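Structure, as structure tokens:
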Amino acid sequence: MNQITLTRPDDWHLHFRDDQFLLETVPATARCFGRAIVMPNLVPPVVNAEQALAYRQRIQQATPKGSPFTPLMTLYLTNQTSAEDIIEAKQAGIPAAKLYPAGATTNSDAAVKGIEALYPVFETMSEQGMLLLIHGEVTDAHIDIFDREKAFIDTHLRQIHQRFPELKIVFEHITTADAADFVLDASDTMAATITPQHLMYNRNDLLVGGIRPHNYCLPVLKRNTHQQRLRDVVASGSNKFFLGTDSAPHAKHTKENACGCAGCYSAWSAIELYAQIFDDLGALDKLEGFAAHYGADYYGVARNKDTITLRNEPWTVPEMIDLPQGGQIVPFYAGQELQWKLA
Ligand code: NCD
Ligand code: ZN
Ligand code: ZN
């Protein structure tokens with residue numbers, strides 16, 4: 001096959017950051033995605049409709065002229081989030097709110113301690129039809145980092161889903177067979193996003209032959225059996241799993257560091273990485289559903305009307321990206337060859 005044409009895809013989980021970073025990150029995503037769910041973990045976080053709309057405006061200012069790209073905004077849940085915050089946000093067209101357990105990931109210090117305390121907020125979200133997006137990892141010091149996603153399912157996620165069966169939940173960036181099987185067994189108000197790195201890599205790619213900080217993200221890469229299960233579920237064409245890159249830029253010096261930041265910046269090669277993965281799986285016919293249909297269907301919005309085309313044309317991901325404000329980012333898959341290229 002020399003080329004494939006699909007409905008324009010959407011990215012249901014990414015990080016644009018703010019200010020000067022937007023001049024880099026927004027064009028990268030707008031080059032191919034119709035919409036993106038923009039994560040709210042700025043410093044300070046985006047906690048109400050007013051802040052989300054102001055952030056959306058900054059993103060729109062950084063969107064290349066004539067691009068059809070539309071950012072979809074999210075609220076960052078804290079222990080101070082009120083029912084009014086949710087209602088106001090929903091009325092302002094904000095489709096989702098994000099739950100970060102405090103300390104779980106980049107810029108999560110302001111986040112939720114004691115998830116049960118948020119149940120009244122979940123109740124309002126359920127009534128309002130606002131989606132709950134979850135970074136699903138416990139943060140207890142005694143729980144091994146490779147077990148934190150499974151522990152989150154057992155201690156929180158199953159209960160939240162049971163208690164609020166109508167509340168649409170997206171289990172973000174899943175990394176384990178446990179998460180994939182939990183989502184498959186759950187009702188149709190539970191779905192998940194999967195990143196390119198968790199489909200392409202396992203923890204050997206992080207740790208064998210030297211530590212590779214540019215493959216470090218959270219939840220951390222798991223063993224190959226988990227990777228294989230994620231590959232199986234996307235190849236199966238299940239509509240409970242859809243595209244969310246978790247593209248998360250960090251300056252080079254903050255990743256190549258004695259205490260390196262978590263996050264992989266994949267926006268410039270995102271759809272090409274997924275195409276390669278589905279091609280390797282012999283499942284290119286399942287790419288369109290995953291990338292362009294199931295996410296929109298789950299969020300309850302129309303699928304994009306236009307298309308993109310990918311050509312079978314090898315190219316190499318750049319080693320480095322220069323930031324407009326100075327400084328550099330090493331993109332995910334830097335210096336490596338991909339077989340598919342956006343036309
Ligand atoms: C994300 C970031 O850098 O904001 N990092 C990551 O490793 N995934 C945060 C997140 O999605 O958890
Ligand atoms: Zn996360
Ligand atoms: Zn993320």
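The values are calculated or read from the model by the stated rules, or taken from the named source; none is laboratory data. On a predicted model such as this, the values are computed, not experimentally measured, just so you know. Backbone-built Cβ (ideal geometry, glycine too); neighbour counts: all protein chains shown. Protein only, heavy atoms only, side chains kept; ligands, DNA and RNA dropped before computing areas. Shrake-Rupley method; radii C 1.70, N 1.55, O 1.52, S 1.80 Å.
Take I37 and tell me if it is in contact (Cβ under 8 Å) with a residue 12 or more places away in the chain and under 17 Å from the mean Cα position of the chain (by Cα). So I37 passes the test. When restricted to residues that are within 16 Å of ligand 1 (Cβ to nearest atom), touching a Leu at 6+ places or on another chain (Cβ under 6 Å) and hydrophobic (A, V, I, L, M, F, W, C), the stretch 83-111 contains 3.
The set of residues in the stretch 148-175 being open to solvent by 60 Å² or more (accessible area, probe 1.4 Å) and under 25 Å from T245 (Cβ atoms) consists of K150, K168. When we screen A141, A102, A92 for residues that are surrounded by fewer than 18 Cβ atoms within 10 Å (Cβ to Cβ) and more than 30 Å from Q20 (Cβ to Cβ), the only hit is A141. Would you confirm whether or not the stretch 6-14 contains a residue that is over 18 Å from the mean Cα position of the chain (by Cα) and closer than 26 Å to A292 by Cβ? Scanning the stretch 6-14 turns up at least one residue that is over 18 Å from the mean Cα position of the chain (by Cα) and closer than 26 Å to A292 by Cβ. Of the residues making up the stretch 235-263, those that are more than 16 Å from ligand 2 (Cβ to nearest atom), of a type in the set (A, V, I, L, M) and out of contact with any Lys or Arg (no Cβ under 7 Å at 6 or more places or on another chain) are A251, A258.
So, in the stretch 61-87, exactly how many residues are more than 20 Å from the chain's Cα centre (by Cα) and open to solvent by 30 Å² or more (accessible area, probe 1.4 Å)? Working first, answer last.
Going residue by residue through the stretch 61-87, those that are more than 20 Å from the chain's Cα centre (by Cα) are 61-62, 64-68, 79-87.
Going one step further and asking which of them are open to solvent by 30 Å² or more (accessible area, probe 1.4 Å), we end up with 61, 64-68, 79-80, 82-85, 87.
Here the count works out to 13.
Name every residue in the stretch 7-29 that is open to solvent by less than 10 Å² (accessible area, probe 1.4 Å) and away from ligand 3 (no atom under 15 Å from the Cβ), in order of residue number.
Within the stretch 7-29, P9, D10, L22, V26, A28 qualify.
In the stretch 301-343, the qualifying residues are those that are assigned to a strand (DSSP E or B) and of a type in the set (V, I, T), and the one that is farthest from M200 (Cα to Cα) is T307.
Return the residues of the stretch 269-325 that are among the charged types (D, E, K, R) and within 18 Å of the chain's Cα centre (by Cα); say none if nothing qualifies. Break it down into steps so the answer makes sense when it comes.
Filtering the stretch 269-325 down to residues among the charged types (D, E, K, R) leaves 272, 279-280, 285-286, 288, 297, 303, 305-306, 311, 313, 319, 322.
Those that are among the charged types (D, E, K, R) and within 18 Å of the chain's Cα centre (by Cα): E272, E288, D297.
Inspection of the stretch 132-142 identifies at least one residue that is touching a residue at least 24 places away in the same chain (Cβ under 8 Å), more than 14 Å from ligand 1 (Cβ to nearest atom) and closer than 24 Å to G289 by Cα. Can you run down the residue pairs with Cβ atoms below 6 Å, 6 or more apart or on separate chains, where the first is in the stretch 215-228 and under 16 Å from A177 (Cα atoms) and the partner is not in a loop (DSSP other than H, G, I, E, B)? If the second residue must be not in a loop (DSSP other than H, G, I, E, B), the pairs left are P219/E149; V220/I145; L221/L206; H226/A177. Quick one: is D178 over 18 Å from the mean Cα position of the chain (by Cα) and exposed (fewer than 15 other Cβ atoms within 10 Å of the Cβ)? In short, no. Does the stretch 194-213 hold any residues that are within 16 Å of ligand 3 (Cβ to nearest atom) and outside any loop (DSSP other than H, G, I, E, B), and which are they? Of everything in the stretch 194-213, those that are within 16 Å of ligand 3 (Cβ to nearest atom) and outside any loop (DSSP other than H, G, I, E, B) turn out to be I194, P196, Q197, H198, L199.
Screening the stretch 130-162 for residues that are among the β-branched types (V, I, T) and part of a loop (DSSP other than H, G, I, E, B) and picking the one that is farthest from ligand 3 (Cβ to nearest atom) gives I143.
Tallying residues that are open to solvent by 10 Å² or more (accessible area, probe 1.4 Å) and in contact (Cβ under 8 Å) with a residue 24 or more places away in the chain within the stretch 266-281 yields 4. The condition (being within 30 Å of V220 (Cβ to Cβ), open to solvent by 40 Å² or more (accessible area, probe 1.4 Å) and modelled with pLDDT of 95 or more) is satisfied by just one residue among V121, V43, V38: V43.
Residues considered: E123, E127, E172. Of these, the only one that is within 16 Å of ligand 3 (Cβ to nearest atom) and not aliphatic (A, V, I, L, M) is E172.
Is there a residue being within 22 Å of L243 (Cβ to Cβ) and part of a loop (DSSP other than H, G, I, E, B) anywhere in the stretch 107-125? Quick ask: steps written out before the conclusion?
Pass one, the stretch 107-125, residues within 22 Å of L243 (Cβ to Cβ): none.
No, because not a single residue in the stretch 107-125 is within 22 Å of L243 (Cβ to Cβ) and part of a loop (DSSP other than H, G, I, E, B).
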